[in-house]
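Asks: First the structure, then my questions, so here it is.
What follows is calculated from the coordinates using simple rules that are stated; it is not laboratory data. The model shown is predicted, which means the values in this text are computed figures rather than measured ones. Cβ coordinates were reconstructed from backbone atoms using ideal geometry, including for glycine residues, and neighbour counts include every protein chain displayed.
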Amino acid sequence: MGLISADMKRVVDEQRLGFVATVCPDGTPNLSPKGTTAVWDADHLVFANIRSPGTIANLRQNAGVEVNFVDPFVRKGYRFKGVGSVLESGPLYDKVIAFYKERGVASAIREVVMVRVLSAEPIDSPAYDLGATEAEVRARWDLHWEAVRRGKTGSPTGE
C-alpha cells in the first residue's frame, strides 16, 4: 500500500488544481498552480508542463517538490512532499500523455513531471482549532464565495 490514501485521491480528483512548490537556483521558493495535477498511483502524483518553464528548470536542478491541495469550502486538504522527475519521452511519458488526452487536455504538453511522494500529511484551517465543524466552515465560505460572485468581498472568518 502506498502513501496516497483513498481520501487523498478524492481531494486531488475533486480539486485538480495543485500548488507546486520548487526551489529556485538562488534558494528562493517558486509556487506555481498546476491544473493538470492527478494521482498516478498510490505513490505518485503527476502534472503536465503546459506553461511552467521555471518549475521544470527548478526541478532539473533540485528535484525536491511539495504539492498542496485544499478544498476552499471546507478549508481542508493535503500536503505531499517528494521528488519530481521530468519526463520528455519514453513509454511512461507516452502513457501520461495518453492519460491527459483521455482527460480532455487540449493544450500542448511539453514535459510531464512524475512526483514520487515521500510524505503525505493533512492540512486544515485554524478554524477547526476553535471547535468549528466542517459544516460550519463550509457555510461560512459558501457565504463568502456567494458575496464574491455578487461583487462584495470580505473575510467571513477573520483568517
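Asks: Set the Förster radius R0 to 30 Å, insert the Cβ-Cβ distance between residue 30 and residue 133 as r into 1/(1 + (r/R0)^6), and round the FRET efficiency to 0.05.
Replies: After rounding, the FRET efficiency stands at 0.25.
Asks: What is the calculated FRET efficiency for residue 148 to residue 99, with r their C-beta to C-beta distance and R₀ = 41 Å, to the nearest 0.05?
Replies: Plugging the Cβ-Cβ distance into 1/(1 + (r/R0)^6) gives 0.80.
Asks: Can you give the local net charge around residue 65? Use residues other than it whose beta-carbon is closer than 13 angstrom to its beta-carbon, Lys and Arg +1, Asp and Glu -1.
Replies: Residues close to residue 65 contribute a combined charge of +4.
Asks: Follow-up. Output wanted: per-residue J couplings in Hz (rounded whole) for the stretch 102-113, from phi through Karplus 6.51 cos²θ - 1.76 cosθ + 1.60, θ = phi - 60°, x for Gly and Pro.
Replies: Listing the rounded values in order: 4, 7, x, 6, 9, 5, 5, 9, 8, 10, 10, 10 Hz.
Asks: When the helices in the chain are scored as -39500 (n - 2.57) per DSSP H run of 4 or longer and the sum is shared across all residues, what 222 nm value do you end up with, to the nearest 500 deg cm²/dmol?
Replies: It comes out at -9500 deg cm²/dmol, rounded to the nearest 500.
Asks: Run down the lysines and flag those whose C-alpha is under 20 Å from the C-alpha of residue 34, throwing out any fewer than 8 positions away in its chain.
Replies: 9, 76, 81, 95, 101
Asks: About its Cα centre, what dipole magnitude does the stretch 1-56 give when the only charges are +1 on Lys and Arg Cβ and -1 on Asp and Glu Cβ, stated in debye to the nearest 20?
Replies: Using only the charged Cβ atoms, the result is roughly 180 debye.
Asks: In whole Hz and in residue order, list the ³J(HN,Hα) couplings for the stretch 135-147 that follow from phi through the Karplus curve 6.51 cos²θ - 1.76 cosθ + 1.60, θ = phi - 60°; x for Gly and Pro.
Replies: Residue by residue, the stretch 135-147 yields 4, 5, 4, 4, 4, 4, 6, 4, 4, 4, 5, 5, 5 Hz.
Asks: Add +1 for every Lys or Arg and -1 for every Asp or Glu among the other residues with Cβ under 14 Å from the Cβ of residue 56, and state the total.
Replies: +2
Asks: Something else now. If Lys and Arg each add +1 and Asp and Glu each add -1, what is the summed charge of the other residues whose beta carbon sits under 11 Å from the beta carbon of residue 114?
Replies: Once all neighbours under 11 Å are counted, the net charge is -1.
Asks: What do you get for Rg/Rh over the chain if you use C-alpha atoms and the Kirkwood form of Rh?
Replies: 1.01
Asks: Amide H neighbours of residue 16 under 5 Å, counting only residues 5+ apart in sequence or on other chains, H built in-plane at 1.01 Å?
Replies: none
Asks: Another question about this same structure. Collect residues whose amide H, placed 1.01 Å from N in the peptide plane, falls under 5 Å from the amide H of residue 118; neighbours closer than 5 in sequence don't count.
Replies: 81, 82, 83
Asks: Taking θ = phi - 60°, what integer Hz values does the Karplus form 6.51 cos²θ - 1.76 cosθ + 1.60 yield along the stretch 75-82, in sequence order, with x for Gly and Pro?
Replies: Once θ is set to phi - 60°, the couplings for the stretch 75-82 become 6, 9, x, 9, 10, 10, 10, x Hz.
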